[in-house]
1. Would the stretch 268-322 count as rounded, prolate or oblate if I go by the C-alpha gyration tensor, calling it rounded below 1.5 in a/c and otherwise prolate when a/b exceeds b/c, oblate otherwise?
2. Given points 7 Å out from each Cα along the Cα-Cβ axis, report the GLU241 to LEU74 separation in nanometres with one decimal.
3. Mean 1/r over all different Cα pairs, inverted: what Kirkwood radius does the stretch 131-188 give, in Å?
4. Which ordering of MET169, MET290 is given by a fewest-first count of other beta-carbon atoms within 10 Å?
5. Calculate, for SER65 and SER192, the FRET efficiency according to 1/(1 + (r/R0)^6) with r their C-beta to C-beta distance and R0 51 Å; round to the nearest 0.05.
6. Using a cut-off of 13 Å between beta-carbons, work out the net charge of the residues near GLY194 (Lys and Arg +1, Asp and Glu -1, GLY194 not included).
7. So if I restrict to the alpha-carbon atoms in the stretch 183-287, what is the Rg, and what is Dmax, the biggest pairwise distance, in Å?
8. Just want the ordering: MET207, MET236, from fewest to most Cβ atoms lying within 10 Å of their own Cβ.
Amino acid sequence: MLETVGIDRPAHDVYRSLLLHPSWTLEDIARETGLPTAGVRSALDVLTQLSLLHEAADHQFVPASPEVVLSPLLLRREAELDEQRARLTQERAALAALASDYAALAATRADSGVERLEGVDAVRVRLMELAHQAAVEVRTFVPGGALSAAALEAGRPLDAQNLARGVRMRTVYLDSVRNDPATVEYATWLASLGGETRTVPALPMRMILSDHSAAVIPIDADDSRQGALLIRYPGMVRALEELFDTVWESAVPLGAAPQSTPEDAPTDRETALLKMLAAGLTDEGIARKMGVSLRTVRRNTADLQRRLGVQSRFQAGAEAVRRGWL
């Protein structure tokens with residue numbers, strides 16, 4: 001079609017009908033083209049404004065040469081496109097120069113093996129770069145409970161783009177997100193594109209692995225706002241990959257029910273709680289790692305003590321060991 005010069009399909013069909021049948025009336029054109037009468041009139045107005053048709057005294061339309069009328073319009077449009085191409089070429093060269101400078105800066109950072117990213121904004125910028133550069137796989141630990149609906153929504157375009165490029169995506173959340181409809185819906189959407197999501201009772205820290213070449217972990221596991229460390233040392237990245245794989249193997253796919261346990265045995269969630277109690281973590285620390293409230297931690301601890309028939313945390317740990325729970 002000739003839409004770049006203002007001629008859409010209806011205008012094209014009406015004009016061609018008049019070229020083939022100059023004596024046709026408006027009703028004849030409507031019947032032949034299948035357009036409503038109002039549509040034919042609108043097309044005639046467009047053609048008249050472009051000077052492709054001239055109305056004669058007997059209400060007939062006299063076609064003008066399309067080559068004479070439209071060639072100047074096409075030449076003008078072609079000149080505009082040439083100008084845009086030239087401008088884009090210049091902008092592409094400027095972008096390449098900036099990208100080269102940035103690559104040189106990134107190379108100096110990478111040479112150190114560990115880059116300290118101060119503050120949330122610096123972390124976000126580097127994570128965006130790693131996501132775009134990923135070619136094989138992105139693996140993520142997401143502690144701290146459910147993400148906000150806005151945060152999940154903001155991540156959709158990049159996640160969809162990576163999965164479309166064939167990048168494998170595996171994410172481990174806390175079991176507590178199973179009660180969050182937004183996270184469950186997001187995981188279902190991600191699975192429909194090929195993403196994989198599992199949950200565990202507790203996670204050691206927030207972590208992102210990009211391919212087999214980079215790992216991002218927080219400077220302070222209890223306060224991610226301080227920033228993060230971008231690690232590129234192969235040995236350290238390998239160790240963090242093995243940590244991820246160990247957790248992944250024990251995690252339960254989101255959408256599947258956690259495996260049942262014998263009546264007397266602790267659940268995975270209770271085992272994780274016992275381990276953290278035995279390690280001396282405070283209730284506040286346990287709440288952060290499990291992504292639950294402080295009240296929930298204290299209630300679960302009290303329930304475990306009742307089940308074990310003990311009065312203190314120390315006794316709970318000793319009794320859990322005696323029973324083979326730990």
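Read the figures in this text as sums done on the coordinates, not as results from a lab. Here the structure is a predicted model, which is why all the values come from computation and not from measurement. Every residue, glycine among them, receives a Cβ derived from its backbone with ideal geometry; neighbour counts consider all protein chains shown.
1. Values: a/c = 1.89, a/b = 1.56, b/c = 1.21.
The shape class here is prolate.
2. 5.7 nm
3. Working: mean 1/r = 0.0826 Å⁻¹.
Here the Kirkwood hydrodynamic radius works out to 12.1 Å.
4. Values: MET169 19, MET290 25.
Arranged by neighbour count, lowest to highest, MET169, MET290 become MET169, MET290.
5. Working: r = 55 Å, r/R0 = 1.08.
Once the sixth-power term is evaluated, E becomes 0.40.
6. Numbers: positive: ARG165, ARG168, ARG170; negative: GLU137, ASP159, GLU196.
Around GLY194, the charge tally is 0.
7. 16.0, 45
8. Values: MET207 22, MET236 15.
Arranged by neighbour count, lowest to highest, MET207, MET236 become MET236, MET207.
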